[in-house]
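Below you'll find the structure, written out as structure tokens, and then a few comments.
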Amino acid sequence: MPFTFESTSVEGVILIDPKIFPDERGFFMESYKRSDFEAIGLSEPFVQENQSKSTYGTLRGLHYQRAPKAQGKLVRVVCGEIFDVAVDIRRDSPTFGKWFGANLSSSNRRLIYVPPWCAHGFCVLSPEAEVLYKTTEEYAPPLEDGLKWDDAALGIRWPISNPIISDRDRHWPTLARLMAAV
């Protein structure tokens, strides 16, 4: 199997190390193989792929899409380095409100699978980063939602102090406010 799949502290979030085949020309790797992902229970089809480019200190998130178009995401970095975060937002989950974070980079070539029940975000640690991610549902703007990136109740330890954030991301609700509204 060309992948090593590692469970994390948040149910369903999986850290993935691909097998790298380096030689004098560079390297080759498989970044996704349906049969290997299905063998560990990740059988949802990916229907859309997105790419973003951001500069150092940019923080994108925490984003998610509500049912019936909740998105699972397979995230990797093709240039640079990010700190990637997934937060469990299922009320009935033993890991509700818990987060998992990992450094993904073009050097370590790690991937992370973020299940549809998680909010997702990342911050850029290198001068620039390009992030590529596949999703299990197409983008549906009316169902887009988010959480405040610096919600004290979540306690995410972002490795940057003054992030560059969009106005929209700056105004997402806290987890408590979001859950009170449901």
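The values are calculated or read from the model by the stated rules, or taken from the named source; none is laboratory data. Note that the structure is a prediction, hence the values are computed from the model and not measured. Quick reminder, even Gly has a Cβ in these numbers, built from the backbone with ideal geometry, and neighbours come from all protein chains shown.
Of all residues in the stretch 38-56, those that are on the phi < 0 side of the Ramachandran plot have Cβ atoms under 9 Å from Cβ atoms of residues that are polar (S, T, N, Q) and in a loop (DSSP other than H, G, I, E, B), 6 or more apart or on another chain, in E44/T136; P45/T136; F46/T136; V47/T136; Q48/Q71; Q48/T136; Y56/S126.
For the stretch 172-182, a residue qualifies if it is closer than 28 Å to E128 by Cα and over 20 Å from the mean Cα position of the chain (by Cα), but none of them does. Scanning the stretch 96-118 for residues that are of a type outside the set (F, W, Y) and in contact with a Gly (Cβ under 8 Å, 6 or more places away or on another chain) yields a count of 6. Candidates in the stretch 15-41 are the residues that are buried (at least 17 other Cβ atoms within 10 Å of the Cβ) and assigned to a strand (DSSP E or B); of these, the one that is farthest from the chain's Cα centre (by Cα) is P18. Here is a check on your reading of the model: is L147 farther than 30 Å from K19 by Cβ, modelled with pLDDT of 95 or more and buried (at least 22 other Cβ atoms within 10 Å of the Cβ)? Spelling it out, L147 is indeed farther than 30 Å from K19 by Cβ, modelled with pLDDT of 95 or more and buried (at least 22 other Cβ atoms within 10 Å of the Cβ).
Set side by side, the residues E44, E6 differ, and just one is surrounded by 12 or more Cβ atoms within 10 Å (Cβ to Cβ), assigned to a strand (DSSP E or B) and of a type in the set (D, E, K, R), which is E6. The residue pairs whose first member lies in the stretch 145-159 and is in contact (Cβ under 8 Å) with a residue 24 or more places away in the chain and over 20 Å from V124 (Cβ atoms), whose second member is among the hydroxyl-bearing types (S, T, Y) and buried (at least 19 other Cβ atoms within 10 Å of the Cβ), and whose beta carbons are closer than 8 Å, counting only pairs six or more residues apart or on different chains, are D145/Y64. Which of (1) β-branched (V, I, T); (2) touching a Lys or Arg at 6+ places or on another chain (Cβ under 9 Å); (3) in contact (Cβ under 8 Å) with a residue 40 or more places away in the chain is the odd one out, the single condition T4 does not satisfy? In the conditions (1) β-branched (V, I, T); (2) touching a Lys or Arg at 6+ places or on another chain (Cβ under 9 Å); (3) in contact (Cβ under 8 Å) with a residue 40 or more places away in the chain, T4 misses (3) alone. Residues in the stretch 73-86 that are more than 9 Å from the chain's Cα centre (by Cα) and either part of a strand (DSSP E or B) or touching a residue at least 60 places away in the same chain (Cβ under 8 Å) (or both): V77, V78, C79, E81, I82, F83. Filtering G61, G12, G97 for residues that are crowded, with 16+ Cβ neighbours inside 10 Å, part of a loop (DSSP other than H, G, I, E, B) and touching a helix residue (DSSP H, G or I) at 6+ places or on another chain (Cβ under 9 Å) leaves a single hit, G97.
Among the residues of the stretch 66-124, those that are out of contact with any Phe, Trp or Tyr (no Cβ under 7 Å at 6 or more places or on another chain) and of a type in the set (V, I, T) comprise V77, V78, T95, I112, V114.
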